[in-house]
Amino acid sequence: MAASAIGVIFSNMHEETVPELVRRRTMASIPFGGRYRIIDFILSNMVNSGITTVGLMTNNNYRSLIDHIGSGKDWDLARKDGGVILLPPFSEKHDKLYTNRLEALGSVSGFLSRRKEKYVVLTDCDGVARIDISDIIDYHESKQADITLVTHHGKVGHRSDFMLIHSDDNGRVNEIQLSPHMSEGSKADIFINMMIINRQFLLNIVEDSVTHGFSSFESDILVKQLNSLQIYQYDFKGYYAGIDSMAAYYKHNMELLEKDVRDELFGERDIYTKVRDSAPSKYGENAVVKNSLISDGCVIEGVVENSILFRGVKVQKGAVVRNSIIMQDNIIGANTSLDCVITDKNVVISDRKTLAGCSDLPYFIQKGTRL
């Protein structure tokens, strides 16, 4: 079934939840897990499910995303027909940037109308999971649904604009709650910003929304037309990491140090990313590394414990890095101590510095900073 679907990825949605990480990049291109970007998981899920045409919606700060995706060859999406297609942030009729999901979909109605596939997979880039999308499409087909919303039963996070889904015993959605007042940590069926929708039906929705002046896909389409549409819930039961705050970003990266989580994310099907020809990591004579993920190209002469190091990180003699996320091409000076620290790319921390945060409020250092 997935061969009869195309993907549309919104790369800039929910960026207000992690402003520190998206000042110079999109939500989709946030680094994750040592060598990946968040979009790698979504693209890999689509490719592994047989989807070979993916439209990439952009709005701003997308230079690094374009550099990462390139032609799409690393995901087997460098194709004459389909492949990965960069969709501009304005419509074919005017040059106004979109401000909401309906406007974004309206701006790419030409792309959608030219395709022949039956279904569209709409997804944001605020979560990490390994999902078999073909199973969701099979479910959507079996229910003869207009729209299938993908949910995950988990804890309510930091975001205030999440959506809760309730359905009957047959899976048909009978209630949608937008931004409900719930205490953080409460469990519920949370919409993970992925849906399956019939392509022609989506085009009709977009055209009807322009006619009636609708502005919100969630409230004007899903909520107001809940009883008239065939909307179903697909409950994803696997591991899902929602990135809705810096604390969540830190927590879910640290979860990769657990074998069960790594097996869940990287076990049966590959997660693809941009390939770089880097040398293997080098460990000094007195280096100590415990329970950490070390990417290629690193040089470690100090101590690294319970941490994630991206490509090209240098940890000099006497330095101690604990419970931290160190992104690409950082230099950690001699006799420096880091604990619960997140450093963006190209950070240089000079000798004899001591920096510390905590899991709920990790100490973050901006890209290119020199301390």
- Filter region 225-235 for residues that are touching a residue at least 12 places away in the same chain (Cβ under 8 Å) and surrounded by fewer than 19 Cβ atoms within 10 Å (Cβ to Cβ) and give the result. 226, 229, 230, 235
- State the number of residues belonging to region 313-326 that are open to solvent by less than 20 Å² (accessible area, probe 1.4 Å), within 16 Å of residue 33 (Cβ to Cβ) and either of a type outside the set (Val, Ile, Thr) or under 22 Å from the mean Cα position of the chain (by Cα) (or both). 3
- Pairs under 9 Å by beta carbon, first residue at positive phi and open to solvent by 30 Å² or more (accessible area, probe 1.4 Å) in region 279-303, partner assigned to a strand (DSSP E or B) and acidic (Asp, Glu), six or more apart or different chains? 291/305
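I'm checking my understanding of the structure. Among residues of region 206-244 that are of a type in the set (Phe, Trp, Tyr) and part of a loop (DSSP other than H, G, I, E, B), which one is farthest from residue 126 (Cα to Cα)?
Within region 206-244, the match that is farthest from residue 126 (Cα to Cα) is 214.
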- Query: Looking at residue 329, is it open to solvent by less than 40 Å² (accessible area, probe 1.4 Å) and of a type in the set (D, E, K, R)?
  - Reply: no
- Any hit, region 33-46, residues being charged (D, E, K, R), open to solvent by 10 Å² or more (accessible area, probe 1.4 Å) and in a loop (DSSP other than H, G, I, E, B): yes
- Message: Residue pairs, Cβ under 9 Å, 6 or more apart or interchain, first in region 13-28 and in contact (Cβ under 8 Å) with a residue 40 or more places away in the chain and in a loop (DSSP other than H, G, I, E, B), second among the polar types (S, T, N, Q) and crowded, with 23+ Cβ neighbours inside 10 Å. List them.
- Response: 26/11
- For residue 73, the lone unmet condition from (1) among the basic types (Lys, Arg); (2) farther than 14 Å from residue 270 by Cβ; (3) touching a residue at least 40 places away in the same chain (Cβ under 8 Å) is (3)
- Message: Considering only region 305-314, I want to know if a residue exists there that is within 26 Å of residue 77 (Cα to Cα) and assigned to a loop (DSSP other than H, G, I, E, B).
- Response: yes
- Message: One residue is enough: does region 273-287 have a residue meeting the conditions among the β-branched types (Val, Ile, Thr) and at pLDDT below 95?
- Response: yes
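The values are calculated or read from the model by the stated rules, or taken from the named source; none is laboratory data. Being a predicted model, the structure only gives us computed values, none of them experimental. Because the Cβ atoms are built from the backbone with ideal geometry, glycine has one as well, and the counts that use them run over all protein chains shown. Only protein heavy atoms, including side chains, enter the accessible area calculation; ligands, DNA and RNA are left aside. Shrake-Rupley method; radii C 1.70, N 1.55, O 1.52, S 1.80 Å.
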